[in-house]
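Note sheet for the following structure.
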Amino acid sequence: MTYPNHDHSTTTPAGETSDEPDAAHRRGPRHLRRDHRGRHAAAGRRRTALYSAGAAIAAAAIGSVIVSMSSASPPEPVIRADTVTVGEADRSAAAEDRAARSERRAADPPSPQASSAGAQPKASATQAPTTAAPKAAVPKTTSAAPTPAASKPTVHAPVGGLTQAEMNNAVAIIEAGQQMKLPSRAFVVAIATALQESHLQVLANPNVPASLKLPNEGVGTDHDSVGLFQQRPSWGPVAQLMDPHQSARLFYAALVKVNGWEQMAVTVAAQTVQVSAYPDAYAKWQSLAEQVVNAVV
């Protein structure tokens, strides 16, 4: 059975024939066009199957690669050559420290004391090396001359029938005048005055209760006068009046204020200072006073 226009040659609207199969298919019967679509659909399904198989193979390959990558150890981090970490710096410093100590030990042989004492424990790598401080030079000591003991005051033997205590008080009067750079004439005037007033004794007075509490060598009752020179409170504190050295200095201070005292008679000079009711009483003690001064000075 033949169908019109089934061959590959077709008639164009102008009456011309054409050998293009696609044109015949397009203009052929409808059932032939469906058959043509079926062949193309089958080819598409084969291509899809091939694509699916390839995708499955690729997925399997990718999965195996991922599994192998996950089981493998992570790669070592890449460290730049110009980067130095803190740990590496510490290890490098410790290595240099050990090398420096080794060089020092090689350069300095151990002393005999160190070798006899035994090996010392090694310092740890992180411990900083310690260096012994140089010993200070010990100055040589020379035996110094022994310090002389404090010289005791010279004890002068009594003269002119005086007791030792009275002689000691006379020496204290002379020493006070020497400290004030006064001449011997002043010593004679002072000792003659003390011989007349107290016979060279430190006297307290019941009228001055404070004097009784101080060292004394007897008690007097002349108004409120105390001490070697029987000085009254207007002369100064009771403690000074009861002290041989201090009371003598008070007497000398008043004596040097008298104009021309050096040329005065001993009794006149003494009376000018003391203003006593018995102005001529000092004269009788001048010779003994001179004897005492000559024995001490």
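The values are calculated or read from the model by the stated rules, or taken from the named source; none is laboratory data. Treat the numbers as computed from the prediction; the structure is a model and nothing was measured. Ideal geometry is used to build each Cβ from the backbone, glycine not excepted, and the neighbour counts take in all protein chains shown. What goes into the accessible areas is simple: the full protein's heavy atoms, side chains included, and nothing from ligands, DNA or RNA. Shrake-Rupley method; radii C 1.70, N 1.55, O 1.52, S 1.80 Å.
Details
- Across the stretch 268-282, the qualifying residues are those that are at pLDDT below 95, farther than 19 Å from SER247 by Cα and not charged (D, E, K, R), and the one among them that is surrounded by the fewest Cβ atoms within 10 Å (Cβ to Cβ) is ALA277.
- Yes/no for HIS245 being touching a residue at least 24 places away in the same chain (Cβ under 8 Å), open to solvent by 60 Å² or more (accessible area, probe 1.4 Å), under 26 Å from VAL293 (Cα atoms) and not in a loop (DSSP other than H, G, I, E, B): yes
- Yes/no for ALA192 being over 58 Å from the mean Cα position of the chain (by Cα), closer than 14 Å to VAL292 by Cβ, among the hydrophobic types (A, V, I, L, M, F, W, C) and at pLDDT 95 or above: yes
- Candidates are the residues of the stretch 283-297 that are in contact (Cβ under 8 Å) with a residue 12 or more places away in the chain and among the polar types (S, T, N, Q); the one that is least open to solvent (accessible area, probe 1.4 Å) is GLN286.
- Extreme residue, surrounded by the most Cβ atoms within 10 Å (Cβ to Cβ), among residues of the stretch 172-190 that are over 18 Å from SER225 (Cβ atoms) and aliphatic (A, V, I, L, M): VAL189
- Evaluation of GLN246 against the conditions (1) within 23 Å of ALA269 (Cα to Cα); (2) more than 55 Å from the chain's Cα centre (by Cα) shows that the sole unmet condition is (2).
- The listed residues are VAL226, VAL238, VAL159, and the only one of them that is β-branched (Val, Ile, Thr), in contact with a helix residue (DSSP H, G or I) (Cβ under 6 Å, 6 or more places away or on another chain) and open to solvent by less than 10 Å² (accessible area, probe 1.4 Å) turns out to be VAL226.
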